[in-house]
Amino acid sequence: MTSPGLAGPRAGGGRPRVIIVDDHGLFRSGVRSELGDDVEVVGEAAEVTPAVKLIGELLPDVVLLDVHLPGGGGQAVAAAVRAEFPQVRCLALSASDAPEDVIAVIRAGARGYVTKTISGPELVDAIRRIAAGDSVFSPRLAGFVLDAFAAQAPAAGGEVAPAADPELDQLTPREREVLRLIARGYTYKEIARELYISIKTVETHVSSVLRKLQLSTRHQLTRWANERRLA
Amino acid sequence: MEERTRFPARGRPGQDHGGPRRGGPPWWWAPGHDWHGAGADPGLDEPVGPGQSWIDRWDARRSGTGRFRRGPKGSGPIRRSMDHPMLGGVAEGISARTGIDVTLIRIAFVLTALGAFGAAAYVLAWLLIPVSGENTGIASKALADRRGLALAAGLGSLLVVVLATASALGASWVGTLATPLVITAVGMVLVVRNATGPEQDRIRQLTDALASLTESHERSRIVLRVLVGAVLLGGGITLILLAGHSAGELLQPLGGALLVLAALVVVLGPWWLRIARDLLVERQARVRAEERADMAARVHDSVLQTLALIQRRSGDPQQVIQLARAQERELRSWLFDGRAPGSMDELGMTFAGGVRLIEQEVESRHGVPVDAVIVGDCELDDDLRALLAAGREATVNAVKWSGADVVSIFAEVEADEVSLYVRDRGKGFDPAVVPGDRQGLAESIRGRMARRGGAAVIRSAPGEGTEVSLTMPRVAGKREPGPA
C-alpha cells in the first residue's frame, strides 16, 4: 500500500538506527535493501524474546515491528519495549488486514502502523517521523481507528459505564476530521491547508488520537476488537 | 510470520472474555448460539461418568444403605428411575412409586424371569414406562419415529425374504424361527433409535465390550465367545424345539429366538460392528479428502494460477504487481472474511462489500492499484447502490485519466449519511475548463447522486490530482446491522 500521508520530505537529523523484527528472513533482507543508506539497520530479530534482548543491548531509535510474530506477536515486543526502554519507538508493520491485531499493537505502545506493501522512500520517511517522536498513521490505520471509536459512539449511552477519564473516550470533532482526511489519502501538509492549521497542529492531533487509543481504558475498545474477531 | 488460518469459525472456547461489562449477558452471548452445548446432549447431564459401568453404580448403592428398607411412597405416574439402574431402571421406578425396597422387586423379577414371564414383563415395562422427567416411553416414541419405522420395515421385509428363501430351500425349522426373529430384529432397531441418551450410551458400552472381544486376537477370548454363542444357540434351539410340542405358548419361541439372535450377535455382532465402524471411518476420511480437494482446487484456481502468470510475465513489473495485489486481496477475503474466491455476488452484499468489489474489479480491469479504506458497514438499498455506481464511475475515471499510479477510496458509513471519496494524485484538471469528453462522466456522477438526494463534489487542480466526494443521506430509521 502506498501512503501519501507519509510522503513529503522531512528534515531528519542523522540516520536513524533501526532494528527489524520479523520472522521472515526474506522480508527482513528485503526491507534492509529497500531502506538502503537512508537509515542504519543495526540488528535483526525473528522472535519476541531475542528481539527484546537485542533492543535492550542496542537501544535503537526505531524498531520496525511485524504484527505477527511467534511467541506473543508484535504486541508483546511493543509492550516490553514501552515498559523497559521507553526511549525506543516502535513502528508496526504488517501484511494483515485484521484491524484488531493492528489496534492491539498500537495499544501496546507502537507509535504507528504501515502495511508491508509500502514503498521504500515512504518507509524511510515513516521511520524518520517515528524517530523524531511523531506518530505515523497510514490511511488504513486511520480507518481502523475511526472504526474503533465509531463503534463506541454515544448512541447507546445507556449501558456505557463511566470511564475514569471521559476525555479519553471520545475523539474531538477536529481529531475525527484529521483522521478522515488521513483516511482519504491527504498528506499532513494537505490536511493543514484544508483545515487552515499548521502541520505541527496536525501532528498534535494525531499524537492525541494515538494517546487516546493507547490510554483509553474503555472496555468498548476491547469489545470492538472482540466483535471484529467474531465477525 | 505466524501462520494464521482464520476460517470463519464462530467463537473459540477458552477465548478471552474481554473487559468487564456491567449488567446484561456477556459480550459473547448471542441468542441461538449455544456454546455450552446446553441441551445438545442429554447424556451429558447424567451424573454418571462415561467410564462407570452399572456394576460400579450398583456397588456404590449397596455400600451406602441398608439391604432392605421401605422408603417413602411416591405420587404421580410411575417413571423409570435412571439414578442407579441395574438394567432399565424399572425396578427402581416401581420401588419409588410403591415404597417397596428395590432389591425385593429385583428379586421378584429375577425369580419370575426363570419362567420367561418376568423377563417379558420387564421388557414390556421398560418399553412402556417413560424415564423420569419425560412423558413418553420408548414404545410411544418408536411409534412416532417415522424414519425408524421405515428402517424397521425395510429390515423386517429383508429378513422375511431371507427366511422365506431358507425355508423354501428345505430348512423347515426356519419357519418356526421366522416370526419371532423378525419381530425381535425390528423391535431392536426401534428400541435403539428411541432409547434415551444415557440408555443409548449403555447399549453402546455393551456393544463396545463385545467389539473388544474381536479386536484382541487372544485365543481365550475367541474360545470364550464361541462358547457363549454355542450355549446360547443350544438353549435357543432347545426352547424352540420344546415349543414345537406345546404350540399354544408364544413366549417360549420368542425367548428361544431371542437366544438364537443373541448367539448370532455374540458370534457375528463384533464383525458387523467393525464393518459399520470401518464404513464410518471411511466416510470421515472421504469427507476430509473432499475438503482437501476443494481447498486444493481453490488454491489452484487462484494462487497457483497467479504464481504461474507472475513467472511468465516477470518482465512486466506493473503487471506482476497487479496480479500479486489481486491475488492477495482474494486470498485475504477468503481467509479473513470467509468469502470464497470469486464469490462477490450481489446477493446479501453490504455497502462495504460493494466498495471492495469496486476496488477489486477496477484494479484487475485497468491495471492500476486501488486502495480502499472502509469505516462501518450497512445493508445496501437503492440509494446506496446509486452511490456505489457513482463511486465506481469516479474510480474508473481516475484510473483511466489521471495517470496516477494508485487511486484511493475512503468510504464511511455514519448514522445519518454514507460518504465515499475517490482520490488520485494524477495530473488533475481545471474543473472550470472541463474537456468535452469528460463532461458526460462528471454529469453521470453528479446526476446519479442528485436523483437520489445525494451530492457530488469534484475538486481538482492541474498537477494536484482529483478528489471526488460523494455523500448520500441515509433513510431515517435504518440502522447499522449489529451492535452500534
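The values are calculated or read from the model by the stated rules, or taken from the named source; none is laboratory data. It should be emphasised that the depicted structure is a prediction, and the values quoted were computed from it without experimental measurement. Quick reminder, even Gly has a Cβ in these numbers, built from the backbone with ideal geometry, and neighbours come from all protein chains shown. These area figures cover heavy atoms from the full protein model, side chains too; ligands, DNA and RNA do not enter into them. Shrake-Rupley method; radii C 1.70, N 1.55, O 1.52, S 1.80 Å.
Condition check: touching a Lys or Arg at 6+ places or on another chain (Cβ under 9 Å), aliphatic (A, V, I, L, M) and more than 11 Å from chain B (Cβ to nearest Cβ). Does A:L93 satisfy that? Reasoning before the result, please.
Values: touching a Lys or Arg at 6+ places or on another chain (Cβ under 9 Å): yes; aliphatic (A, V, I, L, M): yes; more than 11 Å from chain B (Cβ to nearest Cβ): no.
Here the answer is no, as A:L93 does not meet what is asked.
Listed conditions (1) open to solvent by 50 Å² or more (accessible area, probe 1.4 Å); (2) at pLDDT 90 or above are all met by B:I409, apart from (1). Could you list, in sequence order, the residues of the stretch B:451-484 that are modelled with pLDDT of 80 or more, more than 14 Å from chain A (Cβ to nearest Cβ) and within 17 Å of B:D416 (Cα to Cα)? Result: B:R452, B:G453, B:G454, B:A455, B:A456, B:M472, B:P473. Out of all the residues in the stretch A:120-134, is one or more modelled with pLDDT of 90 or more, within 14 Å of chain B (Cβ to nearest Cβ) and outside any loop (DSSP other than H, G, I, E, B)? Within the stretch A:120-134 (the criterion being modelled with pLDDT of 90 or more, within 14 Å of chain B (Cβ to nearest Cβ) and outside any loop (DSSP other than H, G, I, E, B)), the answer is no, since none of the residues qualifies.
Scanning the stretch B:367-382 for residues that are open to solvent by 20 Å² or more (accessible area, probe 1.4 Å), more than 14 Å from chain A (Cβ to nearest Cβ) and either assigned to a strand (DSSP E or B) or within 24 Å of B:A326 (Cα to Cα) (or both) yields a single hit, B:E379. For the stretch B:383-394, the criterion of a residue being under 42 Å from the mean Cα position of the chain (by Cα), surrounded by fewer than 20 Cβ atoms within 10 Å (Cβ to Cβ) and at pLDDT below 85 is satisfied by no position. Restricted to the stretch B:342-363, and to residues there that are crowded, with 16+ Cβ neighbours inside 10 Å and at pLDDT below 80, the residue that is farthest from B:D405 (Cα to Cα) is B:M349. Considered as a group, the residues in the stretch B:395-404 that are among the β-branched types (V, I, T) and away from every other protein chain (no Cβ under 14 Å) include one that is surrounded by the most Cβ atoms within 10 Å (Cβ to Cβ), and that residue is B:V399.
Contact annotation: residue pairs with Cβ atoms under 7 Å, 6 or more positions apart or on different chains, pairing a residue in the stretch A:164-177 that is farther than 15 Å from A:F144 by Cα with a partner that is open to solvent by less than 70 Å² (accessible area, probe 1.4 Å) and modelled with pLDDT of 80 or more, are A:L168/A:K212; A:R174/A:H205.
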